[in-house]
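Report on the following structure.
Since every read-out is calculated from the coordinates, none of them should be taken as a lab result. All figures in this text were calculated on a predicted structure; none of them were measured in a lab. Neighbour counts are summed over all protein chains in view; Cβ atoms, including those assigned to glycine, are modelled from backbone coordinates with ideal geometry.
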Amino acid sequence: MKGGKLGINGLGRIGKLSIWQHVGRKSFSEIVVNIGRPVGTSLDDVARFIEKDSTYGTMHNYLYGYKSGRLIENMDEKSGSMVINGVPVTILREVRNPRDIPWKSYGVDVVVESTGQFTDPTQPADVPGGAIRGHLAAGARKVVVSAPFKIKDKGASMPKDAVMTVMGINDSDYDPATHHIISNASCTTNCLAYMIKPLLDYFGLDRILTASMATVHAVTGSQLVLDRSPKAGATDLRRNRSVFNNIILTTTGAAKALSLVIPEMQKIGFIAESVRIPVSTGSLIILVIDIQDPPDQDRTDRELINQIYRDAAERGKKGYLQYSDEQNVSTDMIGHPLAATVIEGMETHTRTATLSFDLKRLKGYSEEVGSCLGGSVIDISVTKVVVYGWYDNEMGGYVHMLTDRTVSIASTLE
């Protein structure tokens with residue numbers, strides 16, 4: 001078991017599954033979990049919630065297989081303490097504002113902020129209702145946010161002590177001496193980054209003309225089981241419709257987040273859309289990219305694209321990118337294979353077309369330019385590429401990478 005104490009704020013989907021990951025790896029000597037409110041009738045109710053999950057089964061079976069037994073023991077109601085898989089865990093049920101959580105008293109240096117409520121790194125610690133910086137004011141040295149940053153003041157810029165990273169893509173951007181608030185981006189951004197980066201590395205920025213994506217995403221805890229009347233001022237009425245019965249169009253901030261993780265994407269016209277479907281986890285990104293083919297090279301085809309991903313997957317040390325020639329469905333991704341994305345190679349498609357452009361429509365065109373080219377109309381070979389990438393938006397993909405990010409940040413502390 002490694003040293004150091006970990007704090008987790010929130011016991012929702014990400015908070016609970018983070019406990020599973022950390023007690024399984026024994027990454028920290030102790031874990032302190034802040035719920036900030038009473039749960040059930042006793043500490044045993046908290047323990048039962050932690051160890052059972054409708055998607056992944058029981059914690060002990062997930063970690064050690066079907067022959068294993070219960071891993072939670074030594075519960076003490078008064079102190080809120082228990083031992084999970086040999087790791088001491090303390091449950092706090094008193095305060096919800098981050099600045100009031102007694103991280104310093106418990107010796108917690110690193111906090112995973114998993115409530116989804118505190119995502120603005122520009123807000124001061126004493127803002128009404130709480131803020132990310134409250135964790136730092138309460139004694140934590142580093143805060144890892146399990147969501148993309150959302151700056152409410154559109155005129156505000158990213159603070160110098162905050163950074164958004166994806167493991168294996170730009171985690172080297174993290175500077176231990178400078179950055180104290182680190183966003184692990186979103187599950188969709190983690191997946192998308194691993195779909196985009198190999199193509200950028202191979203083709204270069206100048207050959208990728210446009211890109212778009214749509215995520216076919218599992219439901220999340222913010223959605224409703226049954227239809228409900230919207231709150232005052234609500235503008236998206238679809239968010240109040242039942243997740244059981246509907247395909248629901250929604251939005252995603254993946255495009256904006258991706259530009260922070262891979263800055264080159266700011267130079268590419270990129271659109272990101274999202275559709276929620278009635279499954280508990282297991283999501284899919286459909287990526288569409290237009291690539292310009294040089295006249296002296298073979299056309300980009302399906303085999304080339306798949307080979308780019310095979311090579312990238314083989315080079316990766318952590319398995320964050322995986323390539324598959326199997327015919328997968330979404331449940332195959334649940335809890336496995338611990339990757340940001342799994343490329344569905346059998347469904348990669350390409351289509352090349354010759355596009356004619358009339359240069360007279362371009363600003364700055366002159367007849368002199370046209371005469372040099374032999375005319376104002378030029379033909380360009382463009383290949384449209386469609387790539388499918390699976391991801392477990394909860395445990396297998398996102399929480400696995402969040403845990404790696406948390407452990408790596410803790411390792412930089414003296």
Between the Cα axis of helix 302-315 and the main Cα principal axis of the chain, the angle (0 to 90°, nearest 10) is 40 degrees
Shape of segment 188-394, Cα gyration tensor, a/c cut at 1.5: oblate
Please list, ordered by chain and number, the residues whose modelled amide H lies under 5 Å from the amide H of VAL279; skip anything fewer than 5 residues away on the same chain. VAL219
Can you give the relative contact order of segment 5-159 as a percent, counting alpha carbon pairs under 8 Å and 6+ residues apart? 25 percent
Those trypsin sites (Lys or Arg not before Pro) in segment 209-260 that DSSP places in a loop and that have at most 16 other beta carbons within 10 Å: ARG228, LYS231
So what J values fall out for segment 337-342 if you push phi through Karplus, 6.51 cos²θ - 1.76 cosθ + 1.60 with θ = phi - 60°, rounded to Hz, Gly and Pro as x? x, 6, 10, 5, 8, 10
Apply the Karplus curve 6.51 cos²θ - 1.76 cosθ + 1.60, θ = phi - 60°, to the phi angles in segment 377-390 and return the couplings in whole Hz, x for Gly and Pro. 9, 10, 9, 10, 8, 10, 10, 8, 10, 10, 10, 10, x, 7
Convert each backbone phi in segment 179-190 into a coupling constant with the Karplus relation 6.51 cos²θ - 1.76 cosθ + 1.60 (shift: θ = phi - 60°), then list the ³J(HN,Hα) values in order as whole Hz, x for Gly and Pro. 9, 10, 10, 10, 8, 8, 6, 10, 4, 5, 5, 4
Expected max-MSF residue from THR122, THR300, THR250 in the GNM of the chain (alpha carbon, under 10 Å) is THR250
Report the calculated FRET efficiency for GLU73 and ASP153 (r = Cβ-Cβ distance, R0 = 45 Å), to the nearest 0.05. 0.40
Can you tell me the dipole magnitude for the chain around its Cα centre, using point charges on the Cβ only (Lys, Arg +1; Asp, Glu -1), in Debye to the nearest 20? 1320 debye
Based on the Cβ-Cβ distance of PHE357 and TYR64, what FRET efficiency does E = 1/(1 + (r/R0)^6) give at R0 = 41 Å, to the nearest 0.05? 0.10
Excluding residues on the same chain fewer than 8 positions from LYS67, give the aspartates and glutamates whose Cα lies under 18 Å from its Cα. GLU51, ASP53
Partner aspartates and glutamates for LYS160 [C-alpha distance under 13 Å; skip if fewer than 8 residues away on the same chain]: ASP173, ASP175
Residues whose placed amide H lies under 5 Å from that of TYR323, excluding near-sequence neighbours: ILE343
Would you mind checking the tilt of helix 13-25 against the longest principal axis of the Cα atoms of the chain, expressed as 0 to 90 degrees and rounded to 10? 80 degrees
Of the listed pairs LYS154/LYS384; LYS52/LYS231; LYS197/LYS256; LYS26/LYS318, which have alpha-carbon separations greater than 23 Å here? LYS154/LYS384; LYS52/LYS231
Comparing GLU394, GLU347, GLU113, which has the greatest mean-square fluctuation in the GNM of the chain with Cα pairs linked when under 10 Å apart? GLU347
Mean-square fluctuation maximum in Gaussian network of the chain, Cα pairs under 10 Å, restricted to LYS160, LYS363, LYS104, hits LYS363
Rounded tilt (10° steps) of 400-410 against the dominant C-alpha axis of the chain: 70 degrees
